[in-house]
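Reviewing the structure listed below.
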Amino acid sequence: MPMPSRKDRIAEAAFKAFFAAWVALWLAFLARELVVKNNIRDYAALLSRDIEGKHAYVTGDKLYAFLDYCKNNIPENGTYSITGMEEGSIERRRAVYYLYPRMESSDPGFIVDISEYALKKAKE
């Protein structure tokens, strides 16, 4: 087997150095995410839960339990309006997502009051 040329050895050494730097950089990103930003507890909690538990953890256990209650008590073809939550907030978007296929409407059949954790029938 022929001896690699000097150019090939330099290219191989440069590749190894680049790869080592790349691995070190990603390890630093991982350590920063877990340790510096103090996310170890969050990741541990998410790893130990099933999919429903992960939804509850991200949404908040109390809000998720309330949305689950609403989901079970609003018919699938029902409509609702959300009150007590800021328009356009991420929590509101999550609520709309979890309540699907029930649809948010300006003429709702139910009022989902997040501020009081109450589900009310709309006045007819």
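Each value in this text was obtained by applying a stated rule to the coordinates, not by laboratory testing. Quick caveat: nothing in here was measured; it's all calculated off a predicted structure.
Data overview
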quantity	calculated
Gyration tensor (Cα) of the stretch 51-121, equivalent ellipsoid semi-axes in angstrom	18, 13, 11
Mean-position separation - Cα centroids, the stretch 60-112 and the stretch 12-54, in angstrom	35 Å
Share, in percent, of DSSP beta bridges within the chain that are antiparallel, nearest 5	40 percent
Residues with amide H under 5 Å from that of ALA122, placed H, sequence gap 5 or more	PHE110, ILE111
5 angstrom amide H check on THR83, placed H, neighbours 5+ away	VAL112, ASP113, ILE114
Span-rule helices in the chain, defined as complete DSSP H runs reaching 24 Å or more along the axis (Cα) with Kyte mean at least -0.5	6-31
Estimated 222 nm signal from helices in the chain, with DSSP H stretches of n ≥ 4 weighted -39500 (n - 2.57), rounded to 500	-17000 deg cm²/dmol
Extent along principal axes [Cα atoms of the stretch 6-45; Å; largest to smallest]	51, 15, 6
DSSP-defined beta bridges in the stretch 51-121 - what % are antiparallel, rounded to 5	40 percent
Tail weight of P(r) past 26 Å, computed on alpha-carbon pairs of the chain, percent	50 percent
Relative contact order for the chain, counting Cα pairs under 8 Å that sit 6 or more residues apart, in percent	19 percent
